[in-house]
Amino acid sequence: MSDLQTTHRTTVTEEMIDHLGHMNVRYYGVAARAASDAVVRDLGGSGDLSVQAVDIYTRHFREQLLDARLEVRSTVLSHGGGVLRLYHELRNTETDELAASFVHRLEARHGADLAEAWPPADGLTTGEIPEHGRPRSIALDTAPLETAPSLDDVQADALLAMRRPRTIEDDECRPDGSYDPAAAPFLLWGGEALEGATGPTLHPGPDGQLVGWATMENRMVIHRLPRRGDRIQSFGAVVEIRDKTTHRVMWGYDLDRGDLLVAFEVVDVALDTVSRRAVPIPEELRGHAEDRFRPELLPR
């Protein structure tokens, strides 16, 4: 699997379109996870990634609109010691435009040896991340879980809370009470937003056009997933502000245990929904970002 091989196909449907008029970032992730599933099955595993995807990086290149036909092409980057690293890229099959690239790190359950968890095919070879798909602004060699602030630290900074405390409900979980891994981003974005927290909203630009945040890159690293009934809360800080983009770091904590569940980095661009172009960040959005500017919290 050293060359990129097609591992998943999909078409953009109406329910995938978000408030910005293009396919929501969630569905890029859905396609990449389905591709990881397919690779694991090809290697002889079960294809059940429910607790195995622990580090998920995505870089977005071109927005995809309604009815776009897409496919994921994949290669194995490395394997061994209970760890499997994969590269995927999502392309529009009609134009061959690159829509997004991904790097996934999967871990075998209970630290099992990868050869036992996912027996590789004879003669399996590995590839590299193509130059065009490499990360741009988010590093893959940092340790966002280990260098994250403590729960006490983020609670002491009143402006860092993103959502109110909430309890994990049935609709986020599997029948056995374990959290659905596909819903992991909602550990950060689920629940009631606090004033100033970013979200799927549009704001007026200088010429009256509507402007919203469009994701350019993100990385999610998972320590563990909660269970039904656990109390959680999310916090976030801005670590870099430029003319048209922000770089944010977010964390989801278990309020009763006091430990970190997930860390998330995202680079967003201010998008004019009329011209479909990046524009300078509107004053209101820049003010919210400056209030939460904590550059010292960039993962190391």
Selected residue (criterion: modelled with the lowest pLDDT) from residues of the stretch 85-102 that are within 20 Å of GLY127 (Cβ to Cβ) and either part of a loop (DSSP other than H, G, I, E, B) or open to solvent by 10 Å² or more (accessible area, probe 1.4 Å) (or both): ARG85
Kindly list the number of the only condition in (1) farther than 16 Å from ALA214 by Cα; (2) within 22 Å of the chain's Cα centre (by Cα) that fails for GLY258. (2)
Scope the stretch 67-84; condition modelled with pLDDT of 95 or more and open to solvent by 30 Å² or more (accessible area, probe 1.4 Å); matching residues: ASP67, ARG69, ARG73
State the number of residues belonging to the stretch 276-294 that are of a type in the set (D, E, K, R) and in a loop (DSSP other than H, G, I, E, B). 3
Looking only at the stretch 34-59, and only at residues there that are at pLDDT below 95 and touching a Phe, Trp or Tyr at 6+ places or on another chain (Cβ under 7 Å), the one that is surrounded by the fewest Cβ atoms within 10 Å (Cβ to Cβ): GLY44
The residue that is surrounded by the most Cβ atoms within 10 Å (Cβ to Cβ), considering only those in the stretch 19-33 that are assigned to a helix (DSSP H, G or I) and of a type in the set (A, V, I, L, M, F, W, C), is ALA32
I need every pair where a residue in the stretch 121-137 that is within 13 Å of VAL103 (Cα to Cα) has its Cβ under 6 Å from the Cβ of a residue that is hydroxyl-bearing (Ser, Thr, Tyr) and modelled with pLDDT under 90, sequence separation at least 6 or different chains. GLY127/SER2
How many residues, within the stretch 270-280, are open to solvent by less than 30 Å² (accessible area, probe 1.4 Å) and under 22 Å from the mean Cα position of the chain (by Cα)? 2
Please find, among GLU217, GLU240, the residue that is charged (D, E, K, R), modelled with pLDDT of 90 or more and within 25 Å of VAL30 (Cβ to Cβ). GLU217
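The values are calculated or read from the model by the stated rules, or taken from the named source; none is laboratory data. Computed from a prediction, not measured in an experiment: that's the story for all the values here. Cβ sites come from the backbone with ideal geometry, for glycine too, and all protein chains shown count toward neighbours. Ligands, DNA and RNA are stripped out before the accessible areas are found, and what is left, the full protein with its side chains, is counted by its heavy atoms. Shrake-Rupley method; radii C 1.70, N 1.55, O 1.52, S 1.80 Å.
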